[in-house]
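Just below is one structure, and these are the notes that go with it.
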Amino acid sequence: RPVGSFLFLGPTGVGKTELCRALAGEIYGDESALIRLDMSEYMEKHAVSRILGSPPGYVGYEEGGQLTEQVRRRPWSVVLFDEIEKAHADVRGILLQIMDAGQLCDAAGRHVDFRNTLVVMTSNVGAEAISEGRGAIGFSPDGGRSDTEARVREELRATFRPEFLNRIDETVIFHTLGGEELRRITRLLLEETAERFEKLGVTLRVSDGAVALIASRGGGKYGARPLRRAVQSMVEDPAAELLLADGAGEGVTLLAEAEGERLVLRAEK
């Protein structure tokens, strides 16, 4: 069997894919050791041939399968099946083989070993229940959480076959991000921006108020995904324009502060 088989549940933008990337870095020593397949591209029955490869004599036979070829070349990796509920039932059947036997036979007859992979499936099944349950969890940690998880598991049973669910080692529920989580993620993104500016000899300092303002603009129903765009539009782009306009460069300190609902950037030498 694979090292582990996990199902990550939760709304969009709460960190499911980001955790997979972190797992690849921690377990396999390289965040690029992540093989991701978007299951919305495998909704049709014939998509099985794309997973395993085309049979001999058919177009694309030499290329191998989109899954099997990647794992054959990099057997130590996290294999992510994104939005697994969208995959055709026959494609999910392939997953049963992986979770059961730890191997697949591709169209060329080669056995591909999955025993050194970590298999992760993500799904938005139960996302509405998870989002609605956040408030309940806050008021009643035990009761609210158990009610939410009961609703999610009910939706899981209605979506996936029992033999599929029984082969999953652990189901992990990702709850909707709150204000504090969004501010912490914003701060991390700004630290990445500051590192890039530092290579140019420019210091970037962002006040707590500015962080909160960016988080409030970037957060929402899509989770943390819009935060990167908010950091770019509110900090990175204006900072670049300010440096160009002033002809400033190495040795400059940029200060980002919130003034009401506006974010203000100032350059100091």
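The values are calculated or read from the model by the stated rules, or taken from the named source; none is laboratory data. Note that the structure is predicted; figures quoted are calculated from it, not measured. Heads up, the Cβs are rebuilt from the backbone with ideal geometry, glycines too, and the neighbour counts pull from every protein chain shown.
Name the single residue that is farthest from the chain's Cα centre (by Cα) among those in the range 72-93 being buried (at least 21 other Cβ atoms within 10 Å of the Cβ) and closer than 16 Å to Pro2 by Cα.
Ser77
Go through the range 96-128 and give me each residue that's at negative phi, at pLDDT below 85 and either aromatic (Phe, Trp, Tyr) or within 20 Å of the chain's Cα centre (by Cα) (or both).
Asn124, Val125, Ala127, Glu128
Okay, residues lined up against (1) of a type outside the set (Gly, Ala, Ser); (2) surrounded by fewer than 16 Cβ atoms within 10 Å (Cβ to Cβ):
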| site | (1), (2) |
| --- | --- |
| Leu165 | yes, yes |
| Ile173 | yes, no |
| Leu182 | yes, no |
| Leu204 | yes, no |
| Ala239 | no, no |
| Glu257 | yes, no |
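Does Pro55 fit the bill of being modelled with pLDDT under 85, within 20 Å of Asp113 (Cα to Cα), assigned to a loop (DSSP other than H, G, I, E, B) and not aromatic (Phe, Trp, Tyr)? So that I can check it myself, show each step before the final result.
Numbers: modelled with pLDDT under 85: yes; within 20 Å of Asp113 (Cα to Cα): yes; assigned to a loop (DSSP other than H, G, I, E, B): yes; not aromatic (Phe, Trp, Tyr): yes.
So Pro55 passes the test.
Going by the conditions given, is Glu192 under 19 Å from the mean Cα position of the chain (by Cα), outside the structural domain of Val125 (by TED's automatic domain parsing) and of a type in the set (Asp, Glu)? Walk me through it before giving the result.
On the way: under 19 Å from the mean Cα position of the chain (by Cα): yes; outside the structural domain of Val125 (by TED's automatic domain parsing): yes; of a type in the set (Asp, Glu): yes.
Spelling it out, Glu192 is indeed under 19 Å from the mean Cα position of the chain (by Cα), outside the structural domain of Val125 (by TED's automatic domain parsing) and of a type in the set (Asp, Glu).
May I ask you to verify whether Val91 is of a type outside the set (S, T, N, Q), under 12 Å from Tyr42 (Cβ atoms) and modelled with pLDDT under 85?
Values: of a type outside the set (S, T, N, Q): yes; under 12 Å from Tyr42 (Cβ atoms): yes; modelled with pLDDT under 85: yes.
Against the criterion (of a type outside the set (S, T, N, Q), under 12 Å from Tyr42 (Cβ atoms) and modelled with pLDDT under 85), Val91 qualifies.
Considering Ala224, Ala212, which residue is surrounded by 13 or more Cβ atoms within 10 Å (Cβ to Cβ), among the small types (Gly, Ala, Ser), at pLDDT 90 or above and not assigned by TED's automatic domain parsing to the domain that holds Phe8?
Values: Ala224 fails: at pLDDT 90 or above.
Just a single option satisfies the conditions, and that option is Ala212.
It is to be established whether one or more residues within the range 170-180 are at negative phi, modelled with pLDDT under 90 and in a helix (DSSP H, G or I).
Restricting attention to the range 170-180, the residues satisfying the condition of being at negative phi are 170-180.
Those left that are additionally modelled with pLDDT under 90: 170-180.
With in a helix (DSSP H, G or I) added as a condition, the list becomes 179-180.
Scanning the range 170-180 turns up at least one residue that is at negative phi, modelled with pLDDT under 90 and in a helix (DSSP H, G or I).
Are any residues in the range 94-113 in a strand (DSSP E or B) and in contact with a Ser or Thr (Cβ under 7 Å, 6 or more places away or on another chain), and if so, which ones? Lay out the reasoning, then the answer.
Initial filter on the range 94-113 (in a strand (DSSP E or B)): 103-105, 111-113.
Residues satisfying the conditions are Leu104, Val112.
Go through the range 192-217 and give me each residue that's aliphatic (A, V, I, L, M) and part of a loop (DSSP other than H, G, I, E, B).
First pass over the range 192-217, keeping only residues aliphatic (A, V, I, L, M): 194, 200, 202, 204, 206, 210-215.
Across the range 192-217, the qualifying residues are Leu200, Val202.
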